[in-house]
Amino acid sequence: MHVDAQVRDNPEPERAGGGGWRSWFFGIVIVAALVGAVLHFGEIQNFAHLVTRAQPLWLALALLLQISTYVSVAAGWSAVLAAAGTPRPLPRLARIAVGKLFADQAVPSAGMGGNILLVDQLCALRVKRGTAVAALLISMIGFYAAYALFALVMLALLWLHNKATPLMAGTVTTFLLVALAIPSLALWLRHRGSAPLPPRLERIGVVRALLDSVAQAPSSLVANRHLLLVVTACNALIFLADAGSFFACLRALGQPVSPVTAYIALIMASIVVTLGPIPLGLGSFEATAVATLRLLGTPVEAAFAGTMLLRLLTLWLPLIPGMIIMRSGLKRRKRRPERAIRPAARHP
């Protein structure tokens, strides 16, 4: 096993004082998910009825496609770690992917919520912090590159069907600005390195820790174009699998929609959730997906049922294992003694 050889590597020590705000962050994520689940418990109960109505083969296809999304996420990270000379087993990375999805969904922040979890979990696998941050940056760039491409394709398909509205065009344009801004900010922080901060920002531990971590990402990895293309392709497979899952869910309930219809509804709903402030995307995803399906000719009842079934597979089923993974990661962090490290001197 690659891990057995790599576990002896000495990970880079973490700065003292970083564990407190991480503990608060993980606690907020779990509380947000629990509140969302309690407020929508009635919907969760109705999912059991939907499953009994679904055709087993289509349902199995949707489930397999969802499993493949975690494998694709892990494959992107695996490519970065392999390029850094610290490969890790794909199953362990897929486990982290489940926890990251949970964090991203529970605390909406343009898909950024699970990034802290990713770096911490990779460090727990004895990956150097700089390499872990590089995996985060490259996966973020690949995710938003694929996301932006599929958003443009979705808008083009809507125009071809004469279904594009000014509201949809404005929403996609806003998303494209966000999709460009987030990776650009990450790369700017990486380029900025450990240059001194303004005095007020210097006193904020979270900001200082963020810059210190991003500065550790090796430029040889972040600037590797082939690696960026590989990670972007892995993220593209995730969106295709999600669209395929939506198509399979609708077909499982007897609705003869086209794959293009499911793709448009999935991307449009995902964009609204990405831009919105609602934990778990509860309500916003469902409303947008149903409205888009209705616009494309799908009956409201079938659109709602198919969307609910998709949410069962993409949100509620991974909720419990994601929460367990986050809690276990937090417990391991608490048990691991923090070593006091003198902060690196900043050169004027």
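Read-outs: derived from the displayed coordinates by stated rules, not from any lab. All values derive from a computational prediction rather than experimental measurement. Don't worry about glycine lacking a Cβ; one is built from the backbone with ideal geometry, like all the others, and counts go over all protein chains shown.
The phi-based Karplus calculation (6.51 cos²θ - 1.76 cosθ + 1.60; θ = phi - 60°) puts the 3J(HN,Hα) values of the stretch 183-188 at x, 5, 5, 4, 5, 5 Hz, whole numbers, x for Gly and Pro.
Which three semi-axes in whole Å describe the equivalent ellipsoid of the stretch 61-104, each the square root of 5 times a Cα gyration tensor eigenvalue, listed largest first?
Details: eigenvalues 83, 27, 11 Å².
They are 20, 12, 8 Å, listed from largest to smallest.
So if we plug the beta-carbon distance of Leu229 and Leu275 into 1/(1 + (r/R0)^6) with R0 = 30 Å, what FRET efficiency do we get, rounded to 0.05?
On the way: r = 27 Å, r/R0 = 0.89.
Step by step, r from the Cβ atoms, then E = 0.65.
Protection proxy ranking, highest mean first, for peptides 80-89, 175-184, 161-170: 80-89, 175-184, 161-170, where packing is the per-residue count of other beta-carbon atoms within 10 Å, averaged.
For the stretch 230-308, the C-alpha radius of gyration divided by 2.2 N^0.38 Å, with N the number of residues, is 1.07. Karplus-based coupling profile of the stretch 303-310, in residue order and whole Hz: 5, 5, 5, x, 5, 4, 5, 4, with θ = phi - 60° in 6.51 cos²θ - 1.76 cosθ + 1.60 and x standing for Gly or Pro.
If r is the Cβ-Cβ distance from Leu177 to Val300 and R0 is 35 Å, what FRET efficiency results, to the nearest 0.05? Could the numbers behind the result be given before it?
Details: r = 32 Å, r/R0 = 0.91.
Given R0 = 35 Å and the Cβ-Cβ separation, E is 0.65.
Using θ = phi - 60° in the Karplus curve 6.51 cos²θ - 1.76 cosθ + 1.60, the 3J(HN,Hα) couplings for the stretch 139-144 round to 5, 5, 5, x, 4, 6 Hz; x is entered for Gly and Pro.
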